[in-house]
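Engineer: Have a look at this one before I ask anything.
Where a number appears in this text, it was derived from the coordinates with a stated rule and is not lab data. Values in this document were obtained by computation on a predicted structure and should not be read as measured data. Every residue, glycine among them, receives a Cβ derived from its backbone with ideal geometry; neighbour counts consider all protein chains shown.
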Amino acid sequence: MKRLSEIRKMNASELGDLAGEIREMIIDAVSKNGGHLASSLGVVELTLALHYVFNTPTDRLIWDVGHQSYAHKIITGRAAEFASLRKLGGLSGFPKISESPFDTYNTGHSSTSLSLALGEAVGRDLRHEKYKIIPIIGDGSMTAGMAFEALNQIGHLKKDIIIILNDNEHSISKNVGALSEYLIRMITAPLYNRLRRRSYAIIRKIPRYGRRLYDFIYKQEARVKGFFVPGSFFEELGIRYFGPVDGHNLPLLIEVLKGVKDIDNGPKMVHVITRKGKGYGPAEKDPAVFHGVGPFDRKTGKTAKRDSLAYSEIVGRTLAEIARRDRRVVAVTAAMKMGTGLYEFEKQAPGRFFDVGIAEQHAVTFASALAAKGFKPFVSIYSTFLQRAVDQIIHDVAISAQPVRLLIDRAGIVGEDGETHHGLSDIGIIRNIPNFIYLTPSNGTELRDMLYFAAEHGTGPVAIRFPRGSDRSGCVDFSAHERFEAGRSKRLSTGRDVALIAAGDMVSVALETAALLKESGFSATVLNLLSLKPLDMRRIEKAVAETRLFVSLENGYVSGGVGEHILFRLNRELRSRMLFAAGFPDRFVEQGSMLELFHLYGLDPHSIARKILRALKVRNIDEKRHSVRRVSG
Ligand SMILES: Cc1ncc(C[n+]2csc(CCOP(=O)(O)OP(=O)(O)O)c2C)c(N)n1
């Protein structure tokens, strides 16, 4: 791969060839490692144009979410390592400060780029520095409240920022939330027409490309009118609007960006139209599937078939089933209807399905009012994104004990997406909010039972946390469900030496650990907690009292976790039997496959069994010594 200084000297046709080469590299790496394919393919020309026109890294590109930054990584000195994308110890799938000076901020969650850009612009100006700041935000990310909070202040402070609005009409699925009535009014409004004339006048003056750009805009206009905030909205906020520009026409993009770069004062926005998945047929055809995708066959575009059902699919199917019988059940997603499995619910009850866009805070408060109106809202959000809505969970749901059902998907480590995406904090957060019932299944059947329980529980909020991936038992009976009782754990085996008190997906680790211990002649009690709140203290105490040592196991941070809480609730004598709390330490966990990470953090059955065996053997020796001393004394 050419160096950036050489790329900046290339002519149009060389740049075009380079775009093709970059696409090849992206498709190749993602087909092997998985990743965010469609978004990254969509911005190859835009990325080249930005680095071509701006003096990066002195000028600062801020990629919103950062999932589309693959081309950026390739042309900023990381081509040789690109095959390690998302691997343990390899390149991150998101911008990462520690990786390169071109990566300006650590990102992964959406809609932070405008706030970062403004904060940086204020800092730059206070320090009398001179450089450009360019946030690149997608039309999906632009729908989140945080982006609007930033726009509000950007228009007010009028700092020199160049916002690139990357409009591909998609969030993960088709973008939602069009303020269409407002738009219709806007399109006919005099301001819009005035603005349009001005934009056209600027664009037509661009040497060589002006005419073509003008024609493109003209053709796009019908479509742009369908976009929820055409330029006039931004203009009203004090942000100069340019576009729309064809995001795959490199020479044109370069000219437009050069023109806008030279306007020194105030915030500007360049509206760029791109195609998600551009250059790879299957991804263009189905951008939602190729938004974030596992390894696939690049010839056919087919992903590997899973042999067991994902937890999210169990949620989607079971809720669709419950909704068929109960018309009060409604489902809410924040732009993740595919990932959360709720597309199944949408098929069953489209009128009771709500995709609110990337708006986790709104999703929770919206659901609280639906609950207040007598409906049964299920809100499914990934653990990591639910962090956005902690105040809404406390203020709008818990205080008034609204029966909102929170489905906390991708709880625990998630693997290759790394630090920004692991869901390690929800136990510490939700367990400490009054009024919540908080459950965690160890398999799909238990998840189904809990969903039925949650649908019927009408006196307060219920949260259910479950991990990324599949129920490994692989056998979920969709024709039946059993009554579930909150606050009751399940004893899976009885032993004398150690009690393994496990939550959620750590139950299978506990069972495997018990099997390993058995091979060495030790027996274990395994307790499946099921309920993180209320805790089944009676059974926990009994299990601990009947064994010599105990270990808690959870897929979350130890600090603030359920093991710590159990320890606090036990009496002094039983407390002294805790050997360790298995979970993640107080640090941000890197990327890697889930198996690798469990191993790295000593959370696989072999590592856990090894520690327990060491302790049991030491105790055996101590106890023998004691009895020898007692006999001889
Ligand atoms: C707070 C938060 N919620 C949800 C997500 C999951 N997510 C990642 S990318 C994405 C869609 C972003 O759409 P857009 O900004 O238009 O970018 P595109 O992928 O279309 O280029 C979503 C919902 C996230 N990263 N952060």
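Engineer: If you stretched the chain out fully between ASP17 and GLU482, how much longer would it get, using 0.36 nm times the residue separation minus the C-alpha to C-alpha distance?
Structural biologist: 161.4 nm
Engineer: Here's another thing I want to ask about it. Please identify which residues in segment 245-261 have an amide N closer than 20 Å to a label point set 7 Å out from the Cα of THR58, following the Cα→Cβ vector.
Structural biologist: Flagged as within label range: 257-261.
Engineer: Let me ask you something else. 222 nm [θ] for the chain, helices only, -39500 (n - 2.57) per DSSP H run of 4+, per residue, to 500?
Structural biologist: -12500 deg cm²/dmol
Engineer: Determine the gain in length on full extension of the stretch ARG491-THR459; use 0.36 nm per residue of separation and subtract their C-alpha separation, reporting nm with one decimal.
Structural biologist: This chain segment gains 8.7 nm when fully extended.
Engineer: Relative to the first principal axis of the alpha-carbon coordinates of the chain, what is the inclination of helix 360-372, with its axis defined by its Cα atoms, in degrees from 0 to 90 and to the nearest 10?
Structural biologist: The angle comes out at about 60 degrees.
Engineer: Which of LYS299/LYS347; LYS32/LYS305; LYS542/LYS624; LYS258/LYS285; LYS132/LYS174 have a Cα-Cα distance over 24 Å?
Structural biologist: LYS299/LYS347; LYS542/LYS624; LYS258/LYS285; LYS132/LYS174
Engineer: Out of segment 425-502, which chymotrypsin sites (Phe, Trp or Tyr not before Pro) are coil in DSSP terms and have no more than 14 other C-beta atoms within 10 Å?
Structural biologist: PHE478
Engineer: A follow-up question, please. Given R₀ = 51 Å, what would the calculated FRET efficiency be for HIS626 paired with ARG472, taking r from the Cβ atoms and rounding to 0.05?
Structural biologist: FRET efficiency, HIS626 to ARG472: 0.75.
Engineer: Suppose each label sits 7 Å from its Cα in the direction of the beta carbon; what would the ALA80-ASP125 distance come out to in nanometres?
Structural biologist: Each label point lies 7 Å from its Cα, and together they span 4.2 nm.
Engineer: Could you go through segment 607-613 in sequence order and give the Karplus-derived ³J(HN,Hα) for each residue, using 6.51 cos²θ - 1.76 cosθ + 1.60 with θ = phi - 60°, rounded to whole Hz, and x for Gly and Pro?
Structural biologist: Listing the rounded values in order: 5, 5, 4, 4, 5, 5, 4 Hz.
Engineer: Using DSSP to define loop residues, name the chymotrypsin sites (Phe, Trp or Tyr not before Pro) in segment 569-633 whose beta-carbon has at most 14 other beta-carbon atoms within 10 Å.
Structural biologist: Sites meeting the loop and neighbour criteria: PHE588.
Engineer: Rounding to the nearest 10 and keeping the result within 0 to 90°, find how far the Cα-based axis of helix 145-157 lies from the longest principal axis of the chain.
Structural biologist: 40
Engineer: Okay, next question. Enter the Cα centre distance for the pair segment 120-151 and segment 371-397, rounded to the nearest angstrom.
Structural biologist: Taking the Cα centre of each part, segment 120-151 and segment 371-397 sit 28 Å apart.
Engineer: Run the reach check for LYS617 against lysines, Cα to Cα strictly under 16 Å, same-chain hits fewer than 8 apart removed. What comes back?
Structural biologist: LYS518
Engineer: Would you calculate the separation in nanometres between label points at LYS174 and HIS599, each defined as 7 Å from the Cα along the Cα-to-beta-carbon direction?
Structural biologist: Rounded to a tenth, the inter-label distance reads 4.4 nm.
Engineer: Sticking with this one: If you wrap a convex hull around the C-alpha atoms of the chain and split its volume per residue, what is the figure in Å³?
Structural biologist: Spread over its residues, the Cα hull of the chain gives 177 Å³ apiece.
Engineer: With +1 on the Cβ of every Lys and Arg and -1 on the Cβ of every Asp and Glu, and nothing else charged, how large is the dipole of segment 286-406 about its Cα centre, in debye rounded to the nearest 20?
Structural biologist: The calculation lands at about 380 debye.
Engineer: Return the sequence-ordered ³J(HN,Hα) values of segment 326-334 in whole Hz as given by the Karplus equation 6.51 cos²θ - 1.76 cosθ + 1.60 applied to θ = phi - 60°, using x for Gly and Pro.
Structural biologist: 3J(HN,Hα) across segment 326-334, in whole Hz: 10, 6, 8, 6, 10, 10, 10, 10, 9.
Engineer: How high is the relative contact order of the chain, in percent, with contacts defined as C-alpha pairs under 8 Å that are six or more residues apart?
Structural biologist: That works out to 11 percent.
Engineer: Specify which residue in the list VAL122, VAL245, ALA581 is farthest towards the positive end of the charge dipole of the chain, using unit charges on the beta carbon of Lys, Arg (+1) and Asp, Glu (-1), about the Cα centre.
Structural biologist: ALA581
Engineer: Quick one: which residues, 5 or more positions from PHE580 or on another chain, have an amide H under 5 Å from its amide H? H modelled 1.01 Å from N in the peptide plane, none for Pro or chain starts.
Structural biologist: Long-range HN contacts for PHE580: SER552.
Engineer: If you take the beta carbon distance between ALA545 and ASN435 as r and set R0 to 22 Å, what does 1/(1 + (r/R0)^6) give as a FRET efficiency, to the nearest 0.05?
Structural biologist: In this case the efficiency is close to 0.10.
Engineer: Picking from VAL414, ALA401, ASN571, whose Cα lies most toward the positive end of the charge dipole for the chain (charges on Cβ: Lys, Arg +1; Asp, Glu -1)?
Structural biologist: The one lying farthest along the dipole's positive direction is ASN571.
Engineer: With 10 angstrom as the radius, rank HIS481, HIS421, HIS271 by how many other C-beta atoms surround their C-beta, starting from the fewest.
Structural biologist: By the 10 Å Cβ count, ascending: HIS481, HIS421, HIS271.
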